[in-house]
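Novice: Here it is, the structure, as structure tokens.
The values are calculated or read from the model by the stated rules, or taken from the named source; none is laboratory data. Because the structure is predicted, anything quoted here is derived from the model rather than measured. Cβ coordinates were reconstructed from backbone atoms using ideal geometry, including for glycine residues, and neighbour counts include every protein chain displayed.
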């Protein structure tokens, strides 16, 4: 449990993390939210471990559950074949794998710099919007592309 922070004059400061306005809008008690988050992470980790133990790259969890590709379906395969110089095949697997990788690297570098400076970890809204646009475009490209690359 995170203790409340006190200012020098003894006034309670808000806890770091999810803003209070968001918590009120979501109407999810913090413990339930944490339980849902950890459960989701456990399912995701179990899914990946199941496939990796068989010596195979795990399919996207969304695709495995619904049959439809997720925006990131083919990301790993796209990067693997790109490393072998097979540009056309890479674009078929996931046309936006390289932009997603660059954006991910930029986000991780920014968060690492914030952590080193002892600042609160957060990304600007513009980066989150860029992620949203990138993922929507990737999904449209995936759904309109060849099913052979799903």
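Novice: Within segment 113-133, is even one residue in contact with a helix residue (DSSP H, G or I) (Cβ under 9 Å, 6 or more places away or on another chain), touching a residue at least 24 places away in the same chain (Cβ under 8 Å), within 23 Å of residue 150 (Cα to Cα) and outside any loop (DSSP other than H, G, I, E, B)?
Specialist: The answer is yes; a qualifying residue exists.
Novice: Only one of 64, 37, 33, 85 is assigned to a helix (DSSP H, G or I) and surrounded by fewer than 11 Cβ atoms within 10 Å (Cβ to Cβ); which?
Specialist: Only one candidate qualifies: 37.
Novice: Looking at 35, 112, can you tell me which residue is at pLDDT 95 or above and farther than 27 Å from residue 137 by Cα?
Specialist: 112
Novice: Turning to a different aspect of this structure: Counting only residues that are at pLDDT 90 or above and at positive phi, how many does segment 46-75 have?
Specialist: Residues that pass the stated criteria total 1.
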